[in-house]
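The values are calculated or read from the model by the stated rules, or taken from the named source; none is laboratory data. Not measured: the values here are computed from a predicted model. All Cβ positions, even for glycine, are placed from backbone atoms using ideal geometry, and neighbour counts span all protein chains on display.
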Amino acid sequence: MLSQFQASYRRMDQSLQRLTDSIAAYNPSTAAADELVAADDALNEDLTTLIQHQRNVLRIEELKRIAQDNDDRIKNHFRAVAELRKELAAIPSMNTNASARSVSIDELLSYARFISPTTLPPTFRKQDVPAQSLSRTAAAESQPHTANGIATPPLGTHDDAQPGNTARINGSNIGTRALKEEEKAWLDSVASLPFVPWPEQPTIANGALGQIQLMLEQGKDPATLLSPAERVEEEERRRVEEEAERAEEEEKRRRRVEVFDAAGGRKRGREEESDVFDPDA
Amino acid sequence: MNPNGTAPPSRPRDPDFYAGYTRFEIECEFVQSLSNPLYIQHLALNKYLDDPAFIAYLAYLDYFRRPEYLKFLLYPGPTLRALELLQQEQFRKDAVTPALIEAMALEGFEAATAGTQV
């Protein structure tokens, strides 16, 4: 670039010099003037080229800057991704080797619903329940008994079947409020928790085992109650027996008719038999 | 079948059916009633826990731990805990003491309410 400029400058310089020489020699040559004009044009062209060149340099600089910015941005993104990955890996993972059983969500939810009434009453608040069991104050009695899904009836029901159980107290029972504090504490054992996560004694007594106990006490043998399959068998047997009886009766009738026919032919042809004594037979 | 039981049964008694209930129903009810500490105390006081056949039966009832049977339990937590405790001889011996029964009841209660806020 520079050498090109220098060449055009020199050319310019030379032509100017030639022209001035020719003018000084009183021999102005138009050729020299033309030469000068041409040199000037050439110089202008070079200047344009220079401007273009400079612009290009600036553009290159700008592009370089943009490229650098993009590189920096990409580097930052990569750094962020790497950090996130590190964070993800740092999250403590579940120990999956304990139970490899997969349960469907529906099953899980339906089982949760199944257990929920017997796991906790809906309006349970832990601060209502005092920690100690023996020293119960009156405040503990006013807990939401209605929320208890398994209501405890008053004393005296089905207790003869379970002599080992201690007596139950329902807080809203009028009789207990009349009791003195220490008597209440004496009767208030583990039984008076307003909600318990297990079946209460009346619930057990109304179940299958309780019914069996009742039957035994009434003297009925529980084994006489037949299962459905056995019942079907029993019915079949009865039907077969009845049919056998009917068949026997038919046989007897037929035999009687035969004997009757063999004994005297007078009544032959008559299908009906008669028990009335016929003196003429 | 005669109601007074004098006639011999025409077939052997069905082992899975008794008094109008299936064996599974009866066993399910029994194992869940074990979750009540007072019932365990009652069994202990009536010397049921000293009978090796009874103890073997309790060990047999451990099948309720399996998922296909577990889903029938209404009180799974206390039931399985009771089954576990009843396998320990020391527990069976101490089950007559009211203090242990009360502690067990408290433990069950605390376990059930553990997730709630104070």
Name the single residue, out of those in region B:77-118 being over 16 Å from A:W198 (Cα atoms) and among the small types (G, A, S), that is modelled with the lowest pLDDT. B:G115
Go through region B:17-80 and tell me which helices (runs of 4 or more DSSP H), entirely inside it, have 1 or more residues that are surrounded by fewer than 16 Cβ atoms within 10 Å (Cβ to Cβ) and facing chain A (nearest Cβ under 9 Å). B:37-45, B:67-70
So B:E84 passes all but one of these: (1) of a type outside the set (S, T, Y); (2) loosely packed, with under 13 Cβ neighbours inside 10 Å; (3) within 11 Å of chain A (Cβ to nearest Cβ). Which condition number does it fail? (3)
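Given the structure, is A:A89 of a type in the set (G, A, S), modelled with pLDDT of 95 or more, more than 30 Å from B:P67 (Cβ to Cβ) and in a helix (DSSP H, G or I)?
Values: of a type in the set (G, A, S): yes; modelled with pLDDT of 95 or more: no; more than 30 Å from B:P67 (Cβ to Cβ): yes; in a helix (DSSP H, G or I): yes.
No.
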Exactly one of (1) closer than 19 Å to B:A44 by Cα; (2) within 13 Å of chain A (Cβ to nearest Cβ); (3) of a type in the set (S, T, N, Q) is unmet by B:T113. Its number? (1)
